[in-house]
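Undergrad: Below are the structure tokens for one structure; questions will follow.
The values are calculated or read from the model by the stated rules, or taken from the named source; none is laboratory data. Keep in mind it's a predicted model, so treat the numbers as computed, not measured. Heads up, the Cβs are rebuilt from the backbone with ideal geometry, glycines too, and the neighbour counts pull from every protein chain shown. What goes into the accessible areas is simple: the full protein's heavy atoms, side chains included, and nothing from ligands, DNA or RNA. Shrake-Rupley method; radii C 1.70, N 1.55, O 1.52, S 1.80 Å.
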Amino acid sequence: MSSKKVTVSSPKAMRVGVLGFGGLGQAAAKVLAPKREMILVAAADKQGYIYAADGLNAQECITTYQSQGSVGYLEPLGTLTHRSIEDLIEKSHPVDGYFLALPNLPNNFIASVAQQFIKSGWRGVLVDAIKRTSAVEQLLAMKEELQAAGITYMTGCGATPGLLTAAAALAAQSYAEIHRVEITFGVGIANWEAYRATIREDIAHMPGFSVETARAMTDEEVEALLDKTNGVLKLENMEHADDVMLELAGIVGRDRVTVGGIVDTRNPKKPISTNVKVTGRTFEGKISTHTFTLGDETSMAANVCGPAFGYLKAGIALHQRGIYGLFTAAEIMPQFVK
């Protein structure tokens, strides 16, 4: 197979890399394929990476990964290595920004990847869609390091945290005081194995489980758990970074933010609608609730990857102005990518 670009992109197209090529990474490649303002130039998985300055063919990358287990097998540009991220960075290939479509298992994994970028001397934009409050707090502690390294890092920029966090920040403007923010999500996927890492992260939020125990589960153990629940995971009062992000933005204290939802791992249809409700008091003294609901037809992949690239575009604009450091989805508005 050869690696060919999907579309003819202008010389000014933003060059994007995707780290992690499981279900989310593959969806990210599909989302990028028709874009004119962004071009996929790099992809990496556990066993290898691939880079093409004039653009990668998303479908060829996906087909190779699904049939052979790594984009590194895609000739003539693929490279097989168990140090895929390190090796890709060290090659100093021109990349404006990376989407970290990586599982945050263990809980410090994304922070450790950020450290690799800092140590490499690479300068550009990083975007993640991580969920846990504690994971975002680790990155917040690296804000000065990222700034000194010339990296603009956008964290918590998926669906929730991300799109719904930003919606909550906007909805809050109607009120003099915010009483509570409630985020409820519904996710439907046809086959859990396409999103193994994501499902394990969800399991880690269930009573009796932790990040460590969920990470250690075999596929057979995950299957057994899903058999007991008929493929449905019900998640309540999750440790979700929407809370710290809204608190940092001065919207509301984290103790007034709740996140929960239902994940159906055997049906693509959402079990419930995804929404954010912001309740507060207006300057006239009235109590009201704004509700922002996502269309049921939009998939988890669409609601994660779309905002992630919107925030990547915003991050690149900041980086070009010499603004570095760490930003969240509650601080910066994403920009639509054509």
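Undergrad: May I ask you to list the lysines whose Cα is less than 30 Å away from that of LYS119, ignoring any residue fewer than eight positions away on the same chain?
TA: LYS12, LYS46, LYS91, LYS131, LYS143, LYS313
Undergrad: Compare the peptides 90-102, 12-24, 147-159 by average per-residue count of other Cβ atoms within 10 angstrom and give them in order, highest first.
TA: So the peptides 90-102, 12-24, 147-159, ranked by packing, come out 147-159, 12-24, 90-102.
Undergrad: How much accessible area per residue does the chain have, counting only protein heavy atoms and a probe of 1.4 Å, in square angstrom?
TA: I get 44 Å² per residue for the chain.
Undergrad: What net charge do the residues around ASP87 carry, taking every other residue with its C-beta under 13 Å from that of ASP87, with Lys and Arg at +1 and Asp and Glu at -1?
TA: That works out to 0.
Undergrad: Quantify, in whole percent, the carbon and sulfur part of the accessible surface of the stretch 36-148 (1.4 Å probe; protein heavy atoms only).
TA: 48
Undergrad: Can I ask one more? Count the net charge of all other residues whose Cβ sits under 14 Å from the Cβ of LYS277, scoring Lys and Arg as +1 and Asp and Glu as -1.
TA: 0
Undergrad: How high is the relative contact order of the chain? Use alpha-carbon pairs under 8 Å, at least six apart in sequence, and give a whole percent.
TA: The normalised contact order for the chain reaches 20 percent.
Undergrad: Using the Cα atoms of the stretch 1-152 to build a convex hull, what is its mean projected area in square nanometres?
TA: Hull-based average projected area comes out at 8.4 nm².
Undergrad: Sticking with this structure for a sec: Can I get the semi-axes of the chain's equivalent ellipsoid? Compute them from the C-alpha gyration tensor as square roots of 5 times the eigenvalues, in angstrom, largest first.
TA: Each semi-axis is the square root of five times an eigenvalue, giving 31, 24, 18 Å.
Undergrad: Excluding residues on the same chain fewer than 8 positions from LYS286, give the aspartates and glutamates whose Cα lies under 18 Å from its Cα.
TA: Of all the aspartates and glutamates, those that pass the test against LYS286 - Cα under 18 Å, at least 8 places apart if same chain - are GLU177.
Undergrad: How much of the accessible area of the stretch 224-338, probe 1.4 Å, is carbon plus sulfur, in whole percent?
TA: Heavy-atom surface of the stretch 224-338 belonging to carbon and sulfur, 1.4 Å probe: 51 percent.
Undergrad: Take the eigenvalues of the Cα gyration tensor for the stretch 109-221, scale each by 5, and report the square roots as semi-axes in whole Å, largest first.
TA: 26, 24, 13
Undergrad: Relative to the first principal axis of the alpha-carbon coordinates of the chain, what is the inclination of helix 219-228, with its axis defined by its Cα atoms, in degrees from 0 to 90 and to the nearest 10?
TA: The answer is roughly 30 degrees.
Undergrad: Here is a follow-up. Using θ = phi - 60° and the Karplus relation 6.51 cos²θ - 1.76 cosθ + 1.60, list the HN-Hα couplings for the stretch 89-98 in order, rounded to whole Hz, with x at every Gly or Pro.
TA: 5, 5, 6, 6, 5, x, 9, 6, x, 10
Undergrad: HN-Hα J couplings of the stretch 42-49 from phi, Karplus 6.51/-1.76/1.60, θ = phi - 60°, integer Hz, Gly and Pro as x?
TA: 8, 8, 9, 9, 4, 9, x, 8
Undergrad: Any idea what diffusion coefficient the stretch 181-338 gets from Stokes-Einstein, in µm²/s, Kirkwood Rh on alpha carbon pairs, 4 °C, 1.567 mPa s?
TA: Translational diffusion coefficient: 73 µm²/s.
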